[in-house]
1. Say whether the condition of being more than 15 Å from residue 102 (Cα to Cα), over 14 Å from the mean Cα position of the chain (by Cα) and either among the hydrophobic types (A, V, I, L, M, F, W, C) or at pLDDT 90 or above (or both) is met by at least one residue in segment 142-152.
2. For segment 88-100, does any single residue satisfy the condition of being open to solvent by less than 10 Å² (accessible area, probe 1.4 Å), outside any strand (DSSP E or B) and more than 27 Å from residue 208 (Cβ to Cβ)?
3. Which residues, counting only those in segment 13-41, are under 12 Å from residue 58 (Cα atoms) and either open to solvent by less than 40 Å² (accessible area, probe 1.4 Å) or over 19 Å from the mean Cα position of the chain (by Cα) (or both)?
4. What single numbered condition from (1) within 21 Å of residue 32 (Cβ to Cβ); (2) buried (at least 22 other Cβ atoms within 10 Å of the Cβ); (3) of a type outside the set (S, T, N, Q) fails to hold for residue 82?
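The values are calculated or read from the model by the stated rules, or taken from the named source; none is laboratory data. Fair warning: this is a prediction, and the values are worked out from it, not measured in the lab. When we count neighbours, we look across all protein chains shown, and the Cβ atoms used for this are built from the backbone with ideal geometry, even at glycine. Side chains included, ligands, DNA and RNA excluded: accessible areas come from the protein's heavy atoms. Shrake-Rupley method; radii C 1.70, N 1.55, O 1.52, S 1.80 Å.
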Amino acid sequence: LWIDADDSIYCFVFGERLARYKTDGSQFQELHQFVPGTDGSNGIVGVTEIPGNKIFGVMKFGGVNNGGTLYSINSNGTGFAVHHHFENATGLEPESMLVYYDGKLFGTTTSGGANGLGVLYAIDADGTNYRVLMHFETSFATGNPSGNIQISADGRIFGCYPQHHLDNSFIANRLWKVDTSGANLENFFSVDQRQNGQYNLDILLSNDTIFLATQEMGRHEGG
């Protein structure tokens, strides 16, 4: 969900229709019906508002390459446009909600790119100049990104890995951080998945604290 300054909630209905309504549940309005082959499909990721009452979002699948799309729409439902069709070489299947920082929008994909493990990308606030900032690589306890990203005030991007135990230790890095330029990737927060859970979901960055949840394992096998 995204809640704007006018107390409007933006959400997806059945993953294919972008809608909004007030936080008291009134004034429901459908903004756009997505056509999978051209607009994209599966809007589970959500949307982001930028200055000028413009909404940006990604669809995880669909589009001309069936690898997802990046689009924008005015908050009143007009002006819908697809700005990027994701493709294998530069990233497929975006899973992170776009984050607006320093006049640009940042996101990640979960697959595609030079190593097939997804990319970190940026696009200008007018929807142009899509570029890959970093191709994720495989190594012990790392791999492709999962869930959303967050950006700290000093310009570091934070994200998480889903699950990677490439030997019998079950010790895996949970989190990664990198500059907004795509340089200086650091993997950190290495924990035992059996005790602390595996399959990371979204993260929340609040001041100097990171909150995250896992879906499986842990002491009670429930994440």
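1. No, every residue in segment 142-152 fails to be more than 15 Å from residue 102 (Cα to Cα), over 14 Å from the mean Cα position of the chain (by Cα) and either among the hydrophobic types (A, V, I, L, M, F, W, C) or at pLDDT 90 or above (or both).
2. The initial filter retains those residues of segment 88-100 that are open to solvent by less than 10 Å² (accessible area, probe 1.4 Å), namely 91, 94, 96, 98.
After this cut, where a residue has to be outside any strand (DSSP E or B) as well, the list is 91, 96, 98.
Those left that are additionally more than 27 Å from residue 208 (Cβ to Cβ): 91.
Scanning segment 88-100 turns up at least one residue that is open to solvent by less than 10 Å² (accessible area, probe 1.4 Å), outside any strand (DSSP E or B) and more than 27 Å from residue 208 (Cβ to Cβ).
3. 15, 18, 34, 39, 40, 41
4. The one condition residue 82 does not meet is (2).
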